[in-house]
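Below is one structure, written out as structure tokens; comments come after it.
Nothing in this text is a laboratory measurement; each read-out follows from the coordinates by a stated rule. Here the structure is a predicted model, which means the values were calculated and not measured. Cβ atoms come from the backbone with ideal geometry, glycine included; neighbour counts cover every protein chain shown.
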Amino acid sequence: MNPTAVNQTDVCQEYWCPAVVSLLTVCGNLLVIFSVSHFKQLHTPANILILSLAVSDLLVGVFVMPHYLSWLIESCWTSGPVMCSVFNFVTFQATSVSVHTVALIAVDRFLALSSPFLYSEKISPTVICIATLFNWLFSLIYNFILLFVNGNFTDVMCPGECLYIVDEVSSLIDLLIVFLIPCTLIIILYTHVFVIAKRHATAIRALQVHNSTESSKNRVSDKSEDDSFSNVINSDLILFYPNQSTIYALLYPWFKKSVKIILTLKVLNTDSPLMDVLSLSS
């Protein structure tokens, strides 16, 4: 066998896999963005936060993943200094927006579970939209200052690196703002969510004991409560992995149903925005 042909095959395989991963990331997040934006039933505070995650993940799939994977394959940054700056800025922006959005999701779920009446009265899609826009704007200004005011980029040469350099104080502040503070908040809030969910489950079990005629119905409610809490914990652990919003959305029946409507082209109907995507029936 010709060694040159073997090398060309290996190179194609090295580029093929990254291309597939990037394409799946882009397509998956586009489905989430379109689903939440198109269907009126999905215009809820929680889904708006999922939409924010999908947009940040889409940026990663379009701008970050292709250059990063190419960098790994070539062992050299070949896209030039301008793209190096764009690459680092989008990476920092998407990371900070994602982590802060996960923290907002934790706040949203804590308020919805601990104060449902206050939540329904005060937390509207408009309020969440404002919080989301503030999150993006804050991250935009913060990362611009961090990278282009306090930071410096190294020269790009082959074999070289596309790196940034910031001082120790800025690095510590970045660690606190982007990781330690939001992650601590997430842990604290979900600890409270766990306590509240278990309290609700205990109350439902007590109701089962005292009202046998409603036992079947309450068992379903109890299981739903436990499953809901399980989804809360499992989904937000998944959020720290790539393509997080798509995996997150897959945990919900509405996303599967909306994707089915999109792929079967029913979304082309004039009344498609009003379709029922929340019911379990087809």
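For a protection proxy built on the mean count of beta-carbon atoms within 10 angstrom, sort 186-194, 28-36 highest first, please. Each step should come with its number before you reach the end.
Details: 186-194: 15.4, 28-36: 21.2.
Those peptides, ordered most packed to least, come out 28-36, 186-194.
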In what sequence do His67, His43 fall when counting other Cβ within 10 Å, fewest first? His43, His67
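Could you please rank Asp276, Asp271, placing first whichever residue has the fewest other Cβ atoms within 10 Å of its Cβ?
Values: Asp276 10, Asp271 7.
With the fewest neighbours first, Asp276, Asp271 line up as Asp271, Asp276.
Which order do His100, His200 fall in if you start with the one that has the fewest other Cβ atoms within 10 Å? Please list the in-between numbers first.
Working: His100 24, His200 17.
By the 10 Å Cβ count, ascending, the order reads His200, His100.
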